[in-house]
Structures are given as C-alpha cells and as structure tokens.
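In what follows, a structure is listed as structure tokens, so that the remarks can point back to it.
The values are calculated or read from the model by the stated rules, or taken from the named source; none is laboratory data. All figures in this text were calculated on a predicted structure; none of them were measured in a lab. Methodologically, a virtual Cβ is constructed for each residue, glycine included, from the backbone with ideal geometry; neighbour enumeration extends over all protein chains shown.
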Amino acid sequence: MVQRHPKLMNIAAVLAIIISGFSFPAMCARPPASQQIKLLISLKQPYVAEPEAARIVLHVHNSSSQTLWLYRRARGKHPPVETLQEENRPLKTSGGSTVEVNLLPADEKAAQSVVTAAEATVLEYVQMPKPRLIKLAAGEDYEETSIVHMQPALSEGQKPIWGNYQLTVNYAASYSNGDIFPNSLGADLWQGEITSNTITIDLRPPLPDAVGEVNGTAVGGQDLQPRAGIRVSLSNAQGQVIDQRVTESDGRYSFTHLPMALYWVTGRWDVASRDTMVFRHTELTHDNLVSSTQLVLYPPDAENPAAFHDARLGPIMAPMLEGPSPKSLVHKPVLIRVFDSSRKPLGKVEIEAILSHEDIIDDLKAMTGDDGTAAMELLPGRVSLSLKQRGCQEQPERADVAPGSGVDGFRYTFECVKK
C-alpha cells in the first residue's frame, strides 16, 4: 500500500476545493441519498378484488437543506437493457426513476406456506410517455401515484393466498449521465434508493359475477401481421387503467375475471419516439361474456403514418394518422442553468427553444428561477436557444439534446449587452 503524507493530502484537498470553485458554485456536502428524501406511502383503497389495480400514493419529502430534482413519473423496475452505441452517432443516455413493490402475506402461517411469491406489476403510461422534471425545494413535499396490478402468492397446489398483505415500496433513480448535474450545473438531480414505510392491503378474489374476458390481437404494418412489443391496456368506463399486457410474437392479449361492464382497450408500441396509440371500446354483458377486439398500429418509425390508413381499420380510432406534430413526439426532460459573468446563478432569464427538422417545428419557452434553473421538455437533436433578459440583447445558444431516455442538462453564461 502506498502511504501518503498527511500534509500532502490536505494540500490536495484544498486544491480540489479551489479547482471545483471554477466549475460550479460552491455547494454543501451532500448527505447520502437515503437521507435526502423520505418516502411514505398510502392507499387510495383499503382492498382490491382481482382484477382491479391498486393505487399507491407516494409521498416524497425533501428532508435535505438543498433543492432536489425528481424524475416523473416512476416506472416499474426492469432488468437493465444493454444499448448498442452506433458508430458516428450521438451517445445515448438512459435512466429515470423506478418503483418496486414488495408483497408478503401478513399472516405468519400463510407466509410460511408460500410456494410462489406474490407479484406486483407497476403499470406504465396508457398513452405516450410524457416524462418531466419536478423541482422539490428543501422541506417541500411531492406526491405521485403508482398504479399496481397485484397477484396473490400461491401455496402448494397453486392455491391463491387471499387476505392481508404487508406492502412496501422501493423508490430509486439513476442516470447514465447523472454526474454532469452536480459537477457542471451545480444542481442536485436525486439519485439513489430508499424504502417506504409498511402498510397493509387486503387482496380479494374476483367477484362471483366476474366471469368476462376481453381478448384480441395487435397487428401492424402494411401487411397487418401480428406484432410483438405492443403494450395493451384495459381501462374501465371512467378511463382508469386496470391491467396491461405486452404482446409476444403472436400479437395476442387477454384479460380475464372481468365484471360485466364497459371497457376501453388501448394499444401502443412499447418503445417508440412518437404517439402510436389506438383504442377501442367494448362491453361485456351476460349475453356477451367474451369480447374480441383487434388493434391495428402503424410502425413506430413510419415516415408517413397516413399511408397506413385504409378501409381495414374500420372503427378503430387512431388520432395520429394525420401525421407527426411536436405534441405527438416523445420529449426528453432537460435541465438548464444560467449564470452571469461572475458565475452567480441568474434568475428571470427567458429561454426560447426552437427545433426545426423537416416538417416539424417545436417552439417552447421557459423562465429561470432565482437559482438560475429552468426545466424543459425538448426533442432530441440540435435545439436553437435564445436567452433573453429585460434591458439586454438576445443571446443565441444551442443545445445538442442526446437521444435515449433519462435526462439531459446544459449550462450557459449570460453576458448582458445593454440594448
């Protein structure tokens, strides 16, 4: 082991502090992620009867002395997917916040009889994802609801274990480019993992008359063949999502144990950069216990979606068949921070962001707060920025928003040239 002289170590520490002062404003040492925020959970309903979904409210409290940024909304936790980087292409980012729900029978005897663990699946966006950044000042609270479909644990003989369950939530966030926020922007994009309090939920079997089924096939492309990777959502008449499926290669989906009622069936490509949603409604009655629906989707990368609109679509409603528009494209959360010439955060700077690509023009505006930050949702690609402040000339800038998920961040120095 190499021994370092204590005085040299102290000098190195001092130099590190001095150097860091030139890259971003001095900030207090950050506490561990688990000490920055606290998570309490509650339920919007004390019990759920299969196939209903539970609605878990996440109450997040910023217990630190600094402003934190959170990613909304949290998705279900999935195994990491390796992304292949294409040569001569911008580096893709990844990340976001996740929710993982843990279920265990509350009764000790029932817990000991478990052969197959209970499952809790966090449901995703029914429509096109619309992620954004949430600013959470020190001492402030934030709420977000996770919709979770739960299946009870099974005992020997695959017998469902109904009744009370102990429920906890693991809330986490990580980003492939997370270091740029404290190091370059001096902003705190929260990363880490915390565990909530424990609450009790009553899982009940389907109601006696819940014998209905909604099934169908998701097809796509000009050949209208079954497609894998379609996220199909089932919602009640009020539009509240109940359950979801992601199709395999046969394009099939099925929802069972349904009460007699009106339902909405919605489909979209699970991974797409634009809105691909289509939807239909169907009704289950005692004379119609099984309803089959077909969902037709155009390819997620279609240059001209209207080309896939033909007579075979029938009553299927596809609002995106008119062609792309900025609102129909998935935007990426971006955090911008503006400083003045003396490296102090600059508030009340108007930011106008314009992206022009082929037939798409996206024009968005934001205003920096007292800490010089502004959160925007921008399309990936080269974005032209204009920084404006009263009494000063407009300052042009640019932001090369990286492709991929997660977030991006940019820092600018505004030189006020008087008009």
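Key figures for this structure:
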read-out: Residue check, GLN222 under 24 Å from the mean Cα position of the chain (by Cα), of a type outside the set (A, V, I, L, M, F, W, C), surrounded by fewer than 16 Cβ atoms within 10 Å (Cβ to Cβ) and outside any strand (DSSP E or B); value: no
read-out: Strands (runs of 3 or more DSSP E) completely within the range 380-419 that count 1 or more residues being out of contact with any Lys or Arg (no Cβ under 7 Å at 6 or more places or on another chain), over 23 Å from PRO182 (Cβ atoms) and of a type outside the set (Phe, Trp, Tyr); value: 381-388, 395-401
read-out: Test: residue in the range 149-157 that is in a loop (DSSP other than H, G, I, E, B), touching a strand residue (DSSP E or B) at 6+ places or on another chain (Cβ under 9 Å) and of a type in the set (D, E, K, R); value: no
read-out: Search result, residues across the range 157-187 that are modelled with pLDDT under 95 and of a type in the set (D, E, K, R); value: ASP179
read-out: Residue in the range 331-343 that is closer than 18 Å to ARG132 by Cβ, in contact with a Gly (Cβ under 6 Å, 6 or more places away or on another chain) and part of a strand (DSSP E or B) present; value: yes
read-out: Failed condition for ALA353, given (1) surrounded by fewer than 20 Cβ atoms within 10 Å (Cβ to Cβ); (2) under 15 Å from VAL334 (Cα atoms); (3) in contact with a Lys or Arg (Cβ under 8 Å, 6 or more places away or on another chain); (4) without any contact (Cβ under 8 Å) to a residue 60 or more places away in the chain; value: (1)
read-out: Residue list for the range 336-365, restricted to those being closer than 23 Å to PRO380 by Cα and of a type in the set (S, T, N, Q); value: SER356
read-out: Close pairs from the range 101-123: first hydrophobic (A, V, I, L, M, F, W, C), partner modelled with pLDDT under 95 and part of a strand (DSSP E or B), Cβ under 6 Å, at least 6 apart; value: VAL122/GLY76
read-out: Residue satisfying condition, being of a type outside the set (D, E, K, R) and over 21 Å from MET150 (Cα atoms), within set PHE255, PHE279; value: PHE279
